[in-house]
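Laboratory data are not the source of any read-out in this text; all were calculated from the coordinates shown. Everything quoted here is computed from the prediction, not taken from an experiment. We place every Cβ from the backbone using ideal geometry, glycine too, and count neighbours over all the protein chains shown.
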Amino acid sequence: MTAFVRNQWYVAAYAREVGRDLLARTILGEPLVLYRTTEGEPVALADRCVHRRYPLSESRLEGDTIVCGYHGFTYDKGGACVFVPGQTRIPRTARVASYPVVEQDSFIWVWIGDRDLADPALIPRAPWLDDSRYTVVCGMEPLAARYQLLVDNLMDLSHETYLHGGYIGTPEVADTPITTEVDEENAVIHVSRHMADAECPPFYAKSTGIQGRITRWQDIEYHPPCLYLLHSRIAPVGVLPNEDGTDPNGFHVEIVYAITPETENTTLDFWAVARDFALDDEEVTAFLAESNRTVVMQDVVALDLLEKVIANEPEGYQELSINIDTGALAARRILKRMVAESSAAASVRSSQAVPS
Amino acid sequence: MTSAGPPGGGAVYRIDWTPGTDVLDGACHCGARHLSEDPVELWEWLLAHPEGHHPPAGGEGA
């Protein structure tokens, strides 16, 4: 049975990755080709020519159409075939699936599932990624691991002390209690840890210029299955937001991950760090980009290894959960429920990727 | 720029991890509370709502 949650929006690419070159991405096992029309509209089609399955991504754009590199079948942005070689009659079934696409918050979101259910209002937001009051560094690392391992990793930040010590981890992160809230109705999980007095890790000391100890708040907000937000607030010890909610003396970093399953055992790990301070400081930008990428790669190496281990474990292997796993367990349960719901819906429909 | 506030109403389950102890403090949206040292057991209790849940008299929310 699939481990994927269908009938969801997933991040397929950064907006800047999609242009007049054809981009191939596989999402939930479905190969897609992405491009922009001459008007700049993003398009996602199934990456398989209906003729002999040749990848359309290995072909070329002509205006707003894709001309298949093998025999020249030509498709418009809706996936309809508008030309076949050697004849005037275009077979009725000559079309490829087109996927609902929304460009928002610097991401290209694609709906995977029954397109009648695609509602852009369901897409969770990360507006700071496209806001002049923030400077953003971002990237994407391919993960040779199933997406559930990345969710486990991101829902428990106590591993920062061990896996990422010296970068973003300090001893207090593993020792500070957490509050976990599960909002069943909206399917959002919040995990918070607020450290009143902590050591300032190099990641933040260099970028904020704070010397001495800090008040450090970490608030995770996970919108399963794809969007993960980590609201991070740093300030000198004792400096708190104003009563009216403004926070001019706090430094804010918004960390965003989009967890997009590629196949059952590989994942696209989109990461972004947005900051509201030192906006034009290129040294800080370079430092944060380099540091965060190092942290992400530490996770990638560990999770790639863990995937190999798990793939070889006998059926029914046991895990042991402790208090730090409270948030991750909540995420696992909600994902399990979402998988079951989307599988039930899929079995009602006759076939997947029905041409539109 | 303010940090994220607490979530809105609706069915919210909450687990607080008491500082300095091994005890997890679980609260269901119905007001029932349960302590546990095992997060798996505590989630199972929370999600079994309303089975095994005894909200305090007066219907205090969590």
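Nearest 10 degrees, 0 to 90: what angle lies between the long axis of helix A:326-348 and the longest principal axis of chain A (Cα atoms)?
Tilt relative to chain A: about 20 degrees.
Would you tell me the mean number of C-beta atoms belonging to other protein chains that fall within 10 Å of each C-beta in A:321-331, as a whole number?
5
For region A:278-297 and region B:23-37, what is the separation of their Cα centres, given in Å?
40
Quick one: length gained pulling A:Val82 to A:Ala340 fully straight, 0.36 nm per residue minus the C-alpha distance?
Working: separation 258, 0.36 × 258 = 92.88 nm, distance 3.87 nm.
So the chain would gain 89.0 nm between A:Val82 and A:Ala340.
Please give the average number of partner chain Cβ atoms lying within 10 Å of the Cβ of each residue in A:178-191, rounded to a whole number. Walk me through the numbers before you get to the answer.
Working: counts 4, 6, 9, 9, 10, 10, 7, 7, 6, 0, 4, 2, 6, 1.
Going residue by residue through A:178-191 and averaging, the value is 6.
Calculate, in nm to one decimal, what A:Ala196 and A:Asp119 gain on full extension: separation in residues at 0.36 nm each, minus their alpha carbon distance.
Working: separation 77, 0.36 × 77 = 27.72 nm, distance 4.09 nm.
In short, 23.6 nm is gained.
Calculated from DSSP H runs of 4 or more alone, at -39500 (n - 2.57) each and per residue, what is the 222 nm mean residue ellipticity of chain A, nearest 500? Walk me through the numbers before you get to the answer.
Numbers: 6 runs with 78 residues, N = 356.
Computed ellipticity for chain A at 222 nm equals -7000 deg cm²/dmol.
Roughly how crowded by other chains is peptide B:22-28, in terms of the mean Cβ count from those chains within 10 Å of each of its Cβ atoms? Spell out each step's value before the answer.
Numbers: counts 2, 1, 6, 1, 2, 1, 0.
Counting other chains' Cβ atoms within 10 Å and averaging over B:22-28 gives 2.
With springs only between Cα atoms under 10 Å apart, run a GNM on chain A and tell me which of A:Ile90, A:Ile214, A:Ile234 wobbles the most.
Residue with maximal mean-square fluctuation among A:Ile90, A:Ile214, A:Ile234: A:Ile90.
For region A:253-335, take the convex hull of the Cα atoms, compute a quarter of its surface area, and give me that in nm², please.
Values: hull surface 29.7 nm².
Over every viewing direction, the Cα hull of region A:253-335 projects on average to 7.4 nm².
If one takes the longest principal axis of the Cα atoms in chain A, at what angle in degrees, from 0 to 90 and to the nearest 10, does the Cα axis of helix A:282-311 lie?
Result, in degrees: 70.
Rank-order A:271-277, A:205-211 by packing density, defined as the average count of other C-beta atoms within 10 Å over each peptide's residues, highest first. Numbers along the way, then the final one.
Numbers: A:271-277: 21.4, A:205-211: 15.7.
Descending mean neighbour count gives A:271-277, A:205-211.
With the cut-off at 1.5 for a/c, could you classify region A:8-121 from its C-alpha gyration tensor as rounded, prolate or oblate? Don't skip to the end; give the middle numbers.
Working: a/c = 1.96, a/b = 1.59, b/c = 1.23.
Judged from the Cα gyration tensor, region A:8-121 comes out prolate (a/c at least 1.5, a/b above b/c).
Per residue, how big is the convex hull around the C-alpha atoms of chain A? Give it to me in cubic angstrom, could you?
On the way: hull volume 55.7 nm³, N = 356.
Dividing the Cα hull volume of chain A by its residues yields 156 Å³.
For region A:133-340, what is the convex hull volume of its Cα atoms per residue in Å³?
So the per-residue hull volume is 128 Å³.
Which of A:Val256, A:Val300, A:Val237 moves most in a GNM of chain A, Cα contacts under 10 Å?
A:Val237
Which one, A:Val253, A:Val33, A:Val82, has the greatest fluctuation when you compute a Gaussian network model over chain A with C-alpha springs under 10 angstrom?
Per the Cα network of chain A with a 10 Å cutoff, A:Val82 tops the list.
Hey, rough spin-label estimate for A:Val237 and A:Met297, points 7 angstrom out along Cα→Cβ, what's it come to in nanometres?
Here the answer is 3.5 nm between the modelled labels.
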